[in-house]
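Okay, structure first, notes after.
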Amino acid sequence: MTPGINVAKKARVSHRIHEYEHDPNSESYGIEAAEKIGADPARVFKTLVASVDNRELVVGVLPVTAMLSMKRIAKAVGGKKATLADKQEVQRATGYVLGGVSPLGQKRRLKTFIDQSARNFDTIYVSAGRRGLEIELAPEDLARLTSADFSPLQQE
């Protein structure tokens, strides 16, 4: 079990685990996950960590088919400018490796925002904490477990 799965279990949130063989040559972790678990890519969400105003790390959870809008993630947190966080910074803060960063069970709980499109689905898929492992749960449960807000995060 990963810390992400343990959080869902401990909270007794309805969820399903989907495991697949990760291909290290895959160009997109998220698209690979959608294909291998047979899910609509619009329901498979990636977890990205951004640095806002060079002072605060925040998490954006958005469809694997979308690009994170740096303006929108900065605005969501009340900042001016955002950039993707450094790989080592992400690993130190979350305890997860890139491609396996889960919004659940992070080492240091970061402020989290979920793209509002998640509300279009009964359940969505997010990384369960390692490459090749997804957790399916209701967007509202994910928001509750991560103290997240729903916000528009996608580039237009």
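The values are calculated or read from the model by the stated rules, or taken from the named source; none is laboratory data. Everything numeric in this text was worked out from a predicted model, so none of it was measured. Note: ideal-geometry Cβ built from the backbone for every residue, glycine included; neighbour counts use all protein chains shown. Heavy atoms of the whole protein, side chains included, go into the accessibility calculation; ligands, DNA and RNA do not. Shrake-Rupley method; radii C 1.70, N 1.55, O 1.52, S 1.80 Å.
Residue-wise test of (1) modelled with pLDDT of 95 or more; (2) within 14 Å of the chain's Cα centre (by Cα); (3) on the phi > 0 side of the Ramachandran plot; (4) among the charged types (D, E, K, R).
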position: Leu48; (1), (2), (3), (4): yes, yes, no, no
position: Val52; (1), (2), (3), (4): yes, no, no, no
position: Arg55; (1), (2), (3), (4): no, no, no, yes
position: Glu89; (1), (2), (3), (4): yes, no, no, yes
position: Thr94; (1), (2), (3), (4): yes, yes, no, no
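One residue stands out among those in the stretch 91-109 that are among the small types (Gly, Ala, Ser) and closer than 25 Å to Asp23 by Cα: the one that is most open to solvent (accessible area, probe 1.4 Å), which is Gly95.
Scanning the stretch 59-78 finds one or more residues that are closer than 23 Å to Ser26 by Cα, without any contact (Cβ under 8 Å) to a residue 60 or more places away in the chain and either acidic (Asp, Glu) or in contact with a strand residue (DSSP E or B) (Cβ under 9 Å, 6 or more places away or on another chain) (or both).
Scanning the stretch 10-31 for residues that are closer than 20 Å to Asp122 by Cβ and charged (D, E, K, R), which turns out surrounded by the most Cβ atoms within 10 Å (Cβ to Cβ)? Here the answer is Arg16.
Residues in the stretch 123-144 that are open to solvent by 20 Å² or more (accessible area, probe 1.4 Å) and in a helix (DSSP H, G or I): Glu140, Asp141, Arg144.
Scanning the stretch 1-32 for residues that are in contact with a Pro (Cβ under 9 Å, 6 or more places away or on another chain) and either modelled with pLDDT of 95 or more or in a loop (DSSP other than H, G, I, E, B) (or both) returns a single hit, Gly4. Taking (1) out of contact with any Asp or Glu (no Cβ under 9 Å at 6 or more places or on another chain); (2) farther than 18 Å from His18 by Cβ; (3) open to solvent by less than 10 Å² (accessible area, probe 1.4 Å) in turn, Thr112 satisfies each apart from (1). For the stretch 46-80, a tally of residues being β-branched (Val, Ile, Thr) and farther than 18 Å from Leu104 by Cα returns 4.
In the set Ala74, Ala34, Ala42, only one residue is open to solvent by 20 Å² or more (accessible area, probe 1.4 Å) and small (Gly, Ala, Ser); that residue is Ala42. Of the numbered criteria (1) assigned to a loop (DSSP other than H, G, I, E, B); (2) aliphatic (A, V, I, L, M); (3) over 11 Å from the mean Cα position of the chain (by Cα); (4) modelled with pLDDT of 95 or more, the one Val101 fails is (3).
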